[in-house]
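Trainee: Dropping a structure here in structure tokens format, bear with me for questions.
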Amino acid sequence: DTARRAESAVLFFDEFEALAAKRGGHSTVMNRLVPELLSQMDGFSTDKKNNILILAATNRPWDLDSAFLRPPRLTEKIYIGLPDYDARLFLILKAFSGVPLEDNVNLEGVASATEGYNAADIIALCGAVKDRAIERSIKNEATSNINVNDFLIIRGDVFEHHSLMFFEYNTNDMEGLL
């Protein structure tokens with residue numbers, strides 16, 4: 001209702017598949033929610049007095065009810081792929097800007113080793129590595145630089161819960177980092 005009352009509005013739905021999942025499953029809530037959301041979106045497209053832009057993001061477009069992808073609802077689709085090497089390196093350099101690193105840490109090697117990862121996984125990796133160094137600093141009561149082992153050890157702690165494993169290599173394959 002707030003968007004309808006405004007002269008113009010942008011509605012952004014992140015993880016849209018959580019609201020717009022395919023109907024027909026056992027969830028009575030979803031079987032009621034999806035038609036209501038479709039009806040509301042149809043109302044936006046026919047309301048001439050408002051300029052309402054609806055944006056939706058998903059990592060699982062195949063889980064969306066196909067009715068959302070038909071006009072006049074979400075008619076434009078923009079695919080944003082996985083980050084390439086330069087984008088991964090940018091994210092990693094940004095994450096470790098001003099952070100003390102041991103000389104043996106090769107961030108270019110980390111960027112190469114994270115091929116196939118999305119930006120969120122790369123940022124999670126960087127955060128976990130920094131957290132590990134902070135925990136070590138607290139335990140030792142002295143500043144501790146990030147080292148190669150921080151990257152190697154977090155693989156089991158952070159990424160075993162993801163469908164992708166970070167650094168699924170043996171130590172001999174880690175020349176880019178060592």
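Trainee: What order do Thr58, Thr114, Thr2 take when sorted by accessible area (1.4 Å probe), most exposed first? Please report the intermediate quantities before stating the final value.
Mentor: Numbers: Thr58 45, Thr114 0, Thr2 100 Å².
Sorted by accessible area, descending: Thr2, Thr58, Thr114.
Trainee: Just the number, please: carbon plus sulfur as a percent of the accessible area of region 33-152, 1.4 Å probe, no ligands or DNA/RNA counted. Intermediate results must be reported in sequence, preceding the final value.
Mentor: Numbers: 3880 of 7250 Å².
Using a 1.4 Å probe with all protein chains present, region 33-152 comes out at 54 percent carbon and sulfur.
Trainee: Which chymotrypsin sites (Phe, Trp or Tyr not before Pro) in region 55-125 sit in a loop by DSSP (not H, G, I, E or B) and have at most 13 other Cβ atoms within 10 Å of their own Cβ?
Mentor: Those that pass, being in a loop and sparsely packed, are Tyr79.
Trainee: Treat every Asp and Glu Cβ in region 44-154 as -1 and every Lys and Arg Cβ as +1, leave all other atoms uncharged, and give the resulting dipole magnitude about the Cα centre to the nearest 20 debye. It would help to have the intermediate numbers written out before the result.
Mentor: On the way: 12 positive and 15 negative charges, 134 e Å.
Once rounded to the nearest 20, the dipole reads 640 debye.
Trainee: Which one of Leu37, Gly98, Cys126 has its Cα pushed farthest toward the positive end of the charge dipole of region 1-133, where Lys and Arg give +1 and Asp and Glu give -1 at the Cβ?
Mentor: Leu37
Trainee: Which of the trypsin sites (Lys or Arg not before Pro) found in region 48-98 are in a DSSP loop and have at most 14 neighbouring Cβ atoms, other than their own, within 10 Å? It would help to have the intermediate numbers written out before the result.
Mentor: Values: sites: Lys48, Lys49, Arg73, Lys77, Arg88, Lys94; in loops: Lys48, Lys49, Arg73, Lys77.
Counting only loop positions with at most 14 other Cβ atoms within 10 Å, the trypsin sites (Lys or Arg not before Pro) in region 48-98 are Lys48, Lys49, Lys77.
Trainee: Which of the GluC sites (Glu not before Pro) across region 80-123 are loop residues per DSSP, with 12 or fewer other Cβ within 10 Å?
Mentor: Glu115
The values are calculated or read from the model by the stated rules, or taken from the named source; none is laboratory data. Just so we're clear, the structure is a prediction, and the values are computed from it rather than from any experiment. In this analysis, Cβ positions are derived from the backbone assuming ideal geometry, glycine residues included, and neighbour counts consider all displayed protein chains. Protein only, heavy atoms only, side chains kept; ligands, DNA and RNA dropped before computing areas. Shrake-Rupley method; radii C 1.70, N 1.55, O 1.52, S 1.80 Å.
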